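Some notes on the structure that comes next.
Just so it is clear, none of the values below were taken in a lab; they were calculated from the coordinates. Since we're looking at a predicted model, the values are computed, not measured. FYI the Cβ positions are ideal-geometry reconstructions off the backbone, even for glycines, and counts take in every protein chain you see.
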Amino acid sequence: MPGFNYGGKGDGTGWSSERGSGPEPGGGSHGNSGGHDRGDSSNVGNESVTVMKPGDSYNTPWGKVIINAAGQPTMNGTVMTADNSSMVPYGRGFTRVLNSLVNNPVSPAGQNGGKSPVQTAVENYLMVQSGNLPPGYWLSNGKVMTEVREERTSGGGGKNGNERTWTVKVPREVPQLTASYNEGMRIRQEAADRARAEANARALAEEEARAIASGKSKAEFDAGKRVEAAQAAINTAQLNVNNLSGAVSAANQVITQKQAEMTPLKNELAAANQRVQETLKFINDPIRSRIHFNMRSGLIRAQHNVDTKQNEINAAVANRDALNSQSSQANNILQNARNEKSAADAALSAATAQRLQAEAALRAAAEAAEKARQRQAEEAERQRQAMEVAEKAKDERELLEKTSELIAGMGDKIGEHLGDKYKAIAKDIADNIKNFQGKTIRSFDDAMASLNKITANPAMKINKADRDALVNAWKHVDAQDMANKLGNLSKAFKVADVVMKVEKVREKSIEGYETGNWGPLMLEVESWVLSGIASSVALGIFSATLGAYALSLGVPAIAVGIAGILLAAVVGALIDDKFADALNNEIIRPAH
């Protein structure tokens, strides 16, 4: 079955690494697998080129290949690119196939173990690329070989000739598999090189990481590696120097030996010359002249021996001089390596000192930053506290001002029953409340002493009807509702806290009206101060509660007057003793 290799330069695209000889785009290559009927494989590896144009197509076991209008190869409607397809063997050639279809089975041909020839070719191609040769193939001088059958013919040749044909097996290279084998070798070598490079990089990175983790800086690590390299260079140079020094010594020994060998040769030369001189007298003697010429031959040999030995000495001296020159160069290299080692040591010391200096500076900066942060935090806390104090003072001032207004309003309302003098006393109390910030309420004993001046006054005896009316008014007070109203006076207290305080004032006020004992009410106010509430806030809440109660009264006028006097007496007792005297002298007696 012929194979196909379409495309202008291999497959009709500019991205392929395959290169054909057809014009672009759309060239095709059909591998010649020999005679279909005779099985002649003598043309293994030969290819012919067929030009394929846009619109041309042919079938493969994986699908139909069509060259589209742009000259691009497509399979099953998909344009084949270097990323989504591969060149695979097909018959005696190659064809491009989508990667997703390369391993898909094709119709078996009933041979090759149930596999089609294309399947077998692909498997062989991939097996060889992996470095393994399938059965029936071997490697020879870097070429993948196999046996092919060839038909041989002999004898005859004419109509009546005795022609004989037989088949022989001959080794042949399979160029596609050779290329696959070499490609696999290249891929594996590149993978091995990458693996070694990556392993070396990882080892270096791990060593660097360990060095940095141990406290070394990157500069120290690099300088340390430089020191190691310099020391290795010193070791190599020193070894070379030692070897050359030994070689020079050996060369000197050779020279000495050859010079020693020269002495007997020179002696022999001198003796030969002496013999020549002694036989000069026979030079004209026909019989004995031969003796002279023999002596001259001996002289020539002796001179040759001396010259030869001198040449050996000269060569030995030249060799020694060359070794001395190499030794000098090696010593220079050794000195340079030592200089580099000194420079590397200095760089390492500098890097270490720089790191230590940087660490010290970092610690100093961190300490300075921490101190600055602490100062900022302290300053922020001082500012927060100052703002809190200012806000608290503002809230207290707001509370006292609004409570003062409420007491003044209460004085005006009750003053309609008790007269202008009561209004004046109520206004005085209101003014004192307004300016009470920073002051403290009077002690329980002092406040009770002032309050007793009022309650002990015979004119302050309350009849049952008025008492019941005032108690009943307190019982109908809704603590939550009153707290909600008082909560609008200031942010100095929470409504939930005021509810409990209103409830306590209500209970203690009822007790005061019913028993005449106002001590529990005065103790309640003192307990607020002892619990941490500022006197001004305690006085404000207390006065506002009583004032709100007085303003809400709908009882007879006499009862309103009694409530007004007791309110002024209780609040005034917490501020100043003068209010008890003013109430006794100016309000109570005239009122009763």
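Annotations
- Applying the Karplus relation 6.51 cos²θ - 1.76 cosθ + 1.60 with θ = phi - 60° to the range 236-253 yields 3J(HN,Hα) values of 5, 5, 5, 4, 5, 4, 4, 5, 5, 4, x, 5, 5, 4, 5, 5, 4, 5 Hz, where x marks Gly and Pro.
- Under-5 Å amide H pairs with Lys53, H placed in peptide plane, nonlocal only: none
- Inter-label distance, nm, simple model (7 Å from Cα along the C-beta direction), Lys578/Ala353: 8.3
- FRET E, pair Lys64, Ile187, Förster distance 30 Å, beta-carbon r, rounded to 0.05: 0.45
- Multiplying the residue separation of Gln374 and Phe282 by 0.36 nm and subtracting their alpha-carbon distance yields 20.6 nm.
- Greater than 32 Å apart at Cα, pairs in Lys423/Lys461; Lys453/Lys475; Lys341/Lys371: Lys341/Lys371
- Sorting 339-345, 402-408, 61-67, 373-379 by their mean Cβ neighbour count within 10 Å, with the most densely packed peptide first, gives 402-408, 61-67, 339-345, 373-379.
- Radius of gyration and maximum dimension Dmax of the range 419-591, Cα, Å: 15.0, 42
- Computed lengthening from Phe444 to Glu147, 0.36 nm per intervening residue step minus Cα-Cα distance: 94.2 nm
- With a Förster radius of 30 Å applied to the beta-carbon distance between Asn463 and Glu503, the computed FRET efficiency rounds to 0.65.
- Once the Cβ-Cβ distance of Ala318 and Leu239 is raised to the sixth power relative to R0 = 25 Å, the FRET efficiency obtained is 0.50.
- Total charge dipole magnitude, the range 419-591, about the Cα centre, Cβ charges on Lys, Arg, Asp, Glu only, Debye to nearest 20: 260
- Neighbour net charge for Gly572 - beta-carbon separation under 15 angstrom, K R +1, D E -1: +1
- Between the residues Asn314, Asn339, Ala372, the greatest Cα displacement towards the positive end of the dipole of the range 233-390, with unit charges on the Cβ of Lys, Arg, Asp and Glu, is found for Asn314.
- With 5 Å bins from 0: P(r) over the range 435-477, alpha-carbon pairs, percent: 5, 17, 13, 16, 17, 18, 11, 4, 0
- At 0.692 mPa s and 37 °C, Stokes diffusion of the range 224-306 via Kirkwood alpha-carbon radius, µm² per second: 193
- Segment Asp431-Gln253, extension gain: residue separation times 0.36 nm, minus the distance between their alpha carbons: 51.3 nm
- Principal axis analysis of the Cα atoms in the range 233-390 yields extents of 152, 17, 15 Å, listed in decreasing size.
- Amide H contacts of Val148 (H built 1.01 Å from N, under 5 Å, at least 5 apart or other chain): Val170, Arg172
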